[in-house]
Each structure stands twice: as structure tokens, then as C-alpha cells.
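The values are calculated or read from the model by the stated rules, or taken from the named source; none is laboratory data. Fair warning: this is a prediction, and the values are worked out from it, not measured in the lab. A quick note on method: Cβ atoms are made from the backbone with ideal geometry, for glycine too, and the neighbour counts reach across all protein chains shown.
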Amino acid sequence: MKGIRLYIIIFILLSFTGCNRKAKPMRTDTPTSGVASIVCDNCFAPIIDEEIDVFQKLNVNAKVNPVYTNEVDAMNLLLKDSIRLVIAARNLTSAEYNYLKSKKLRPRSQKISVDGIAVIVNKQNKNAFISLSTLKKIFSGEITDWKIFNTRSNLGEIRIVFDNPNSSTVRYIRDSICGGRPFGQNVKSQKTNQAVIDFVSRTPNAMGIIDVNWVLDKKDSTNLSFIDKVKVMSVSKSDNADADNSYLPYAAYMVLHEYPLCRDIYIITSDVFGGLQSGIIDFIAGNQGQRIILKFGLVPATRPMRLVSVKNDF
């Protein structure tokens, strides 16, 4: 009898212990279903919006919540493990990779595109070509007036605008183009990419530095025209820019390394388990996702481009 009572007591104690133990949350997402949040550089918002839209239409049980912010905040969210998928214009540094590994995470990255930075001016501006060397002098403040292009120009001071002080575009121009030199006093920010376009469209002496996908005319299936609101300048690697050695930020010129303002885009994850985030990565790096990247005027990283040379005989 005592033995029976003892078993009953042990059973009751085990029952209470089991009730008080909190069950570990179980992930239920798969590569094609569930809910996932991702963070993306603001520069690529138009592209990623379309990538998500198509992905969700193909996978009706999937819900992707994008967070658009600047590059600095995006990387900080990843390092703090607040989010586990980032789309950015740079890869992880060795220190960032090792830090994530020390947190028992599994950082992985994949290049998804080659991107172009466009130089835009007001439509009243008659200047169509600019050299990379001149751009560097403008960014540093060594050149401050539009008279450098035309002594009779009445545009006055060159007012340069970026999207955000912490944006990937600012970092790219400062570090990769200007060699880390500080910007001049004529360089300002406008908070968003759309604000850059709006400012340049109403300011005759402005020069905007913006990701090309923001100014490409989406209605043109050839990807060879830009929005009518601003003018996109051709950029040359030669010191004396002209029509023969200057190029617009078309995907073909990026592939051929003719256009000088190019950078790589990466998708980075620290998710150990995969799930829906791995499905997103596979889609963007796959055939349909890469076609969307090409549609927005960028160079697909995982799918070959066919370049056709057309020669006119007169």
C-alpha cells in the first residue's frame, strides 16, 4: 500500500514539473511558407518590393515583411541578431563574420547583382558628360562651380545631394571613389532616394548621386531610358569626357566595365535553420529573381547576360 502511495506522489510531482516547464517555441516555417522579416538597404527598395511581391504570389502561404533602412542600421540589426537576413551593397567584414560565429550563428552570403550609381542633374543643365576625376574633385570641394564645364554657365555653385549620411551610396563614393577623403562643404543629404530626385528636379544647380534603379524608366522593357523628371549624366574614366568615352549606367556597360560607378549587392543571412529565409534567398538568386534584377537595370550575378552588338551601316 505504501508502495502504491509512493508511486502516486511521484506521478503528481512529475505532472506539476511538466506543467511548469515552458515549452520551447518550435519553428513552423518552410522555404515556401510561414512569416519572415528581412532588412534591406533603402537603395534597393523598388527591386526588393517586386521580388517580394512575385515570391508571395508564387507561395501564397508565405509572408515576407521588409524593413528598409540605411546600411549602417541594417548591419547593426544583423549583428544584434534582431533580424537574420540582410540585403546590402557590401559583404560582411572578417570581424563581423567572426562575431556572428561567436554567437553560434551561421553567417552566409551570396552575391546577387552588380549595381550602378547614377549621377543626375536638373533638366535645365546642358552638361551631359563628366569624368571620374572631375567627380572626385567635386566631392572633395576642390571644384564648386558649374563654370568648370562652361565658363558662360550661370548655374553657379554645384549642390551635391545624397540620400542619407549613413547610406551605402555615401560609403561607396567616399571609400571606393574618393579613397576615404572627406567630402566638401557643398555635399548634403536628403534623407531618402525619392527626396534626392525631387530636389534635383526643382534645383537647376543640383547634382544627385543615386542608385540607378530609382531613375530607370520601368515602362521601357529595353532598360535604355530614364525617368523624365531628371537628366542622367554619362560618366567617363578618361580625364576629358566626351560622347565617345562616356557611358550611361546601363547594365551592358556595367558588364563590360565601361561604366565606372559600379558595386556588388549581397544577400546575407545568419539563420542557422533556414526555413522561409532560405526560400527567399533561393528565389532571388534563381531564374525568376534574377530576371527581376535585370528588369530594374542591374546586372544579374547568377545568370548570364546576352550582349548583342548592333552596327548601323550607312
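Checking Phe139 against (1) within 24 Å of the chain's Cα centre (by Cα); (2) farther than 18 Å from Asp211 by Cα; (3) without any contact (Cβ under 8 Å) to a residue 60 or more places away in the chain, which test does it fail?
(2)
Looking only at the range 286-310, how many residues end up being outside any helix (DSSP H, G or I), exposed (fewer than 15 other Cβ atoms within 10 Å of the Cβ) and modelled with pLDDT of 90 or more?
Total satisfying the criteria: 1.
Is it fair to say Lys111 is within 26 Å of Asn213 (Cβ to Cβ) and of a type in the set (Lys, Arg)?
yes
Conditions tested, residue by residue: (1) more than 30 Å from Leu155 (Cα to Cα); (2) modelled with pLDDT of 95 or more.
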residue	(1), (2)
Gly18	yes, no
Val39	yes, yes
Ile48	yes, yes
Glu51	yes, yes
Ala89	yes, yes
Leu92	yes, yes
Glu96	yes, yes
Asn122	no, yes
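Going through Leu224, Leu276, Leu256, Leu261 one at a time, which residue ends up being buried (at least 22 other Cβ atoms within 10 Å of the Cβ) and farther than 18 Å from Ala89 by Cβ?
Going through Leu224, Leu276, Leu256, Leu261 in turn, just one is buried (at least 22 other Cβ atoms within 10 Å of the Cβ) and farther than 18 Å from Ala89 by Cβ: Leu276.
Does at least one position in the range 177-184 carry a residue that is over 22 Å from Tyr250 (Cβ atoms) and of a type in the set (A, V, I, L, M, F, W, C)?
The answer is yes, given that some residue of the range 177-184 is over 22 Å from Tyr250 (Cβ atoms) and of a type in the set (A, V, I, L, M, F, W, C).
I'd like the residue in the range 70-92 that is within 14 Å of Ser113 (Cα to Cα) and either in a loop (DSSP other than H, G, I, E, B) or without any contact (Cβ under 8 Å) to a residue 24 or more places away in the chain (or both) and, out of all such residues, is nearest to the chain's Cα centre (by Cα).
Ranking the qualifying residues of the range 70-92, first place goes to Ala89.
If Pro204 satisfies all but one of (1) buried (at least 19 other Cβ atoms within 10 Å of the Cβ); (2) farther than 22 Å from Cys43 by Cα; (3) not polar (S, T, N, Q), what's the number of the condition it fails?
(1)
Checking Tyr266 against (1) buried (at least 20 other Cβ atoms within 10 Å of the Cβ); (2) under 30 Å from Thr30 (Cβ atoms); (3) modelled with pLDDT of 95 or more; (4) not small (Gly, Ala, Ser), which single condition isn't satisfied?
The one condition Tyr266 does not meet is (1).
Suppose we filter the range 110-134 for residues that are out of contact with any helix residue (DSSP H, G or I) (no Cβ under 8 Å at 6 or more places or on another chain) and outside any helix (DSSP H, G or I); how many remain?
The total comes to 7.
Can you pull out every residue in the range 239-286 that is among the polar types (S, T, N, Q), touching an Asp or Glu at 6+ places or on another chain (Cβ under 7 Å) and in the same structural domain as Val212 (by TED's automatic domain parsing)?
Passing the criteria: none in range.
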